[in-house]
Amino acid sequence: MIKHANQVAIADHAPMPAAASEPLAADEHIAPAPRVSVQAFCESVETAAAIQAAGEDRRLAKAHVKIQMGGGAAAVEAYRASPTPNVIVIEAENRAEAILGRLDQLAEVCDAGTRVIVVGRINDVALYRELTKRGVSDYLIAPVSTIDIVRSICGLFTSPEAKPVGRIIAVVGAKGGVGASTVAHNIAWAIARDLALDSVVTDLDLAFGTAGLDYNQDPPQGIADAVFSPDRIDTNFIDRLLSKCTDHLSLLAAPATLERVYDFGPEAFDSILDSLRATIPCVVLDVPHVWSGWTKRLLVSADDILIVAGPDLANLRNAKNMVDMLRAARPNDHHPHYCLNQVGVPKRPEIAPADFAKALEVQPLAVIPFDPQLFGTAANNGQMIAEVSANHKTTEMFLQLAQVLTGRAEAKRARGGLLSPLLAIMKRAG
């Protein structure tokens, strides 16, 4: 075992904090773990269940997690004749002396590079100091939640000196033609310009993508060059494919041609996104409205999701199906967000935002009003809404969406805030 800095600094006379059991906060970003092997030795079925659930979390998708009962004694016996994995998780006995003694036995059979996480029930700073002296990487106080295990394992592979791993934001339409790409591109613009975060827009609609048009860019290379050359993918190769839009915003463009058929396997974009998030703080995915293995994988593995829906029945059905699926597939993440777009078309019957909120059991992040003059001018000029009208209410809404999706602001619920443009429309109609 080698010593590893614990994530929590503890004052000399302060008690150790109890393990958190709340779900992932909206502003917390846990970087996924690399391809590592994790073996856990549990004393209780509750801890075993938490680790089992953690092994199914998207951030540990590349890790191989194995669980068995027996605690520290079983771990010592298992490694007398077998090599140790990258990470060992041990649920310890209730006495400090027994915990330390068992760790001393484990050290005799443990490989030098293995990292050890201990789950115990003793909340004592003296024990914590003794554990760190013995090279324990982290100490969690039982009962532990799934997200506690995910946070601890992933944290072992995040160097304090390294740049933080980039945040992936996926934007997808509940139905074709709802303006999801326009929303995605304007959010990315706000993230780059107003929040000053280096960002990349990745246009995943290879046949019909519009990001190049919206940003007035015509790059000779783009995402197709990467996805069809998987053996060449690294950060330098991806960097050469990026088209610079502003000081903080780059584009990985779609070819938008029909010269070939764009059929991909579920993991086709994994290495591209791994390379992007290694150097870019924020990656916005413009996900096309198709349902396939790779689109589902991208949505499930994203850090934040925004579903863009129009105010009609088909959008309501599709948005609910997507929200329900993503909630079930991402039990340890905050729920996917959604917004309503193109609201207030004259003489068109529409489903009210309150009815959407009732069906989806959450308020929309934004209700973007129908404004053909503003959006049409921006599209035809290859500009963002903020460039056409910097002080427009919709420009402010895109900034607020950017803040929420990057963890820079709390999601605004109920009336007011992002709903104010809709309220203004309703007042004018009355």
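Each value in this text was obtained by applying a stated rule to the coordinates, not by laboratory testing. If you're wondering where the values come from, they're calculated on a predicted model, not measured in any experiment. All Cβ positions, glycine included, derive from the backbone under ideal geometry; neighbour counts span all protein chains shown.
What the table below lists for this structure:
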{"quantity": "Packing-based ranking, highest mean first, of 139-149, 352-362 given that Cβ atoms within 10 Å are counted", "calculated": "139-149, 352-362"}
{"quantity": "Per DSSP, loop trypsin sites (Lys or Arg not before Pro) in region 219-274 with at most 11 further Cβ within 10 Å", "calculated": "ARG260"}
{"quantity": "In Hz, Karplus ³J(HN,Hα) per residue of region 358-374 (6.51, -1.76, 1.60; θ = phi - 60°; x = Gly, Pro)", "calculated": "5, 6, 8, 6, 7, 6, x, 5, 7, 10, 8, x, 5, 9, x, 5, 5"}
{"quantity": "Debye log10 I(q)/I(0) for the chain, one point scatterer per Cα, at q = 0.06, 0.07, 0.14 Å⁻¹", "calculated": "-0.30, -0.41, -1.20"}
{"quantity": "At R0 = 56 Å, FRET efficiency that the Cβ-Cβ distance of ASP218 and GLN52 yields, to 0.05", "calculated": "0.65"}
{"quantity": "Furthest towards positive pole of dipole, ILE238, GLY135, PHE375, structure part the chain, Cβ charges", "calculated": "PHE375"}
{"quantity": "Estimated distance in nm for a label pair at GLN383 and ASP324, the labels positioned 7 Å out from Cα along Cα-to-Cβ", "calculated": "4.4"}
{"quantity": "Tail beyond 18 Å, pair distance distribution of region 129-224 (Cα, percent)", "calculated": "65"}
{"quantity": "Length-normalised contact order for the chain - Cα pairs under 8 Å, 6+ apart - percent", "calculated": "16"}
{"quantity": "Charge dipole magnitude, Cβ of K and R +1, D and E -1 - region 270-347, Cα centre, debye nearest 20", "calculated": "280"}
{"quantity": "Formal net charge of residues neighbouring ALA309 (Cβ-Cβ distance under 11 Å; K, R +1; D, E -1)", "calculated": "+2"}
{"quantity": "Under 5 Å, built H, 5+ apart or other chain: amide partners of ALA40", "calculated": "LYS66, ILE67, GLN68, VAL89"}
{"quantity": "Estimated dipole of region 148-232 in Debye, rounded to 20 [Cβ of Lys and Arg +1, of Asp and Glu -1, Cα centre]", "calculated": "240"}
{"quantity": "Extension gain, GLN373 back to VAL45 (0.36 nm per residue minus Cα-Cα distance, nm)", "calculated": "112.0 nm"}
{"quantity": "Cut-off under 5 Å, modelled amide H: who pairs with SER250 long-range", "calculated": "SER199, VAL200, VAL201, CYS245"}
{"quantity": "Residue exposure sequence - HIS185, HIS392 - by fewest surrounding Cβ within 10 Å", "calculated": "HIS392, HIS185"}
{"quantity": "Order of ARG35, ARG327 - criterion: other Cβ atoms within 10 Å of each residue's Cβ, fewest first", "calculated": "ARG35, ARG327"}
{"quantity": "Where labels lie 7 Å past Cα in the beta-carbon direction, separation of ARG317 and ARG232 in nm", "calculated": "4.4"}
{"quantity": "Mean-position separation - Cα centroids, region 54-120 and region 218-246, in angstrom", "calculated": "41"}
{"quantity": "Nearest 10 degrees, 0 to 90: helix 270-279 Cα axis against the chain principal axis", "calculated": "90"}
{"quantity": "Distance between modelled label sites at GLN105 and ARG408, nm, 7 Å Cα→Cβ extension", "calculated": "5.4"}
{"quantity": "Residue with peak Gaussian network fluctuation, the chain [Cα springs, cutoff 10 Å], from SER271, SER137, SER44", "calculated": "SER44"}
{"quantity": "Ranking of VAL116, VAL227, VAL201 by count of other Cβ atoms within 10 Å, fewest first", "calculated": "VAL227, VAL116, VAL201"}
{"quantity": "Dipole magnitude (debye, nearest 20) for region 77-156, charges at Cβ of Lys, Arg, Asp, Glu", "calculated": "140"}
{"quantity": "DSSP beta bridge pairing in the chain, given as percent antiparallel to the nearest 5", "calculated": "5"}
